[in-house]
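The structure appears right after this line, and notes come after that.
The values are calculated or read from the model by the stated rules, or taken from the named source; none is laboratory data. Here the structure is a predicted model, which means the values were calculated and not measured. Glycine gets a Cβ as well: all are built from the backbone with ideal geometry, and neighbour counts include every protein chain shown. Quick note on the areas: whole protein, heavy atoms, side chains included, nothing else; ligands and nucleic acids left out. Shrake-Rupley method; radii C 1.70, N 1.55, O 1.52, S 1.80 Å.
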Amino acid sequence: MKAEKKFDPQFKYQVASRPGGEGLMACFACGVCTAGCPVSEVESGFNPRRIIHQILVGDREGVLASKAIWMCIGCYTCTAHCPQDVEFTNLLKVLRRMAVEEEYVDSHWIKMIEDVDRQTQKLRRDLISHLWEEKNIHSVNDFEKFYENEIKKLAWVKENNNHDHE
Ligand code: SF4
Ligand code: SF4
């Protein structure tokens, strides 16, 4: 039998009592944060409005054990556009700290994700430098083909690394 989901009515108060979480209760679920989020655009599982809803209904485990809270790139677009000053970017930082404290992830996750963000910037820098030098890319379509090929190469590396560790 499927285990019944537990809800924690204290969860929202605990989030709202931490620096960065103060605006939580003011959310009226307009969805502006999700509409402007660059991560939501590429990752359908990432939805700021839904995360806030989960906190408000007390889905502690659903939030703190989720991959979604690690997806944000900290661009602050949601915070800038929110009509209620909820500061979702800072709210996510609260959730990440709670996830570590409550051992949903290992303690190195916060630093590791910061490093992912730094490496992503390097990747972008290298990609633009490559495009600048590359003479065979004349359109966005050319770029998308080039990018798909590069991603295939990365998938190949990953697959081979997995085989090496078997
Ligand atoms: S934009 Fe602000 S008020 Fe609207 S759903 Fe997002 S957090 Fe809530
Ligand atoms: S700060 Fe995070 S949640 Fe907000 S818009 Fe940027 S990526 Fe999305």
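Which residue fluctuates the most in the chain, going by a Gaussian network model with Cα springs under 10 Å, if the choices are 57, 15, 140?
140
What's the Kirkwood radius of the chain in Å, using all Cα pairs?
Mean inverse Cα-Cα distance, inverted, gives 18.3 Å.
With springs only between Cα atoms under 10 Å apart, run a GNM on the chain and tell me which of 111, 153, 135 wobbles the most.
Answer for the Gaussian network model of the chain: 153.
Placing unit charges on C-beta atoms (Lys and Arg positive, Asp and Glu negative, everything else neutral), compute the dipole magnitude of the chain about its Cα centre in debye, rounded to 20.
That gives the chain a dipole magnitude of about 340 debye.
In whole percent, what relative contact order does the chain give with Cα contacts below 8 Å and a gap of six or more residues?
Relative contact order for the chain comes out at 21 percent.
Helix-derived [θ] at 222 nm for the chain: sum -39500 (n - 2.57) over DSSP H runs of at least 4, divide by residue count, nearest 500? Don't jump to the answer; show the numbers that get you there.
Details: 9 runs with 99 residues, N = 166.
The helix contribution divided over the chain gives -18000 deg cm²/dmol.
Looking at 113, 23, 91, which one has the Cα that reaches farthest to the positive end of the dipole of the chain (charges on Cβ: Lys, Arg +1; Asp, Glu -1)?
23
I'd like the accessible area for residue 110, computed on protein heavy atoms only with a 1.4 Å probe and all protein chains in place. Round to 10 Å², please.
60 Å²
Check each of the GluC sites (Glu not before Pro) in segment 1-77 and keep only those in coil by DSSP with at most 12 other C-beta atoms within 10 angstrom; list them in order. Don't skip to the answer; put the middle values down first.
Values: sites: 4, 22, 41, 43, 61; in loops: 4, 22, 43.
Taking segment 1-77 and a limit of 12 other Cβ atoms within 10 Å, the loop GluC sites (Glu not before Pro) found are 4.
Under unit Cβ charges (Lys, Arg +1; Asp, Glu -1), what dipole magnitude, rounded to 20 debye, does segment 11-101 have relative to its Cα centre?
160 debye
To the nearest 10 square angstrom, how much accessible area does residue 81 have with a 1.4 angstrom probe?
110 Å²
Is segment 8-52 best put as rounded, prolate or oblate by its Cα gyration tensor, with a ≥ b ≥ c the root eigenvalues, rounded for a/c under 1.5, and otherwise prolate when a/b is larger than b/c, oblate when not?
Prolate, since a/c reaches 1.5 and a/b exceeds b/c.
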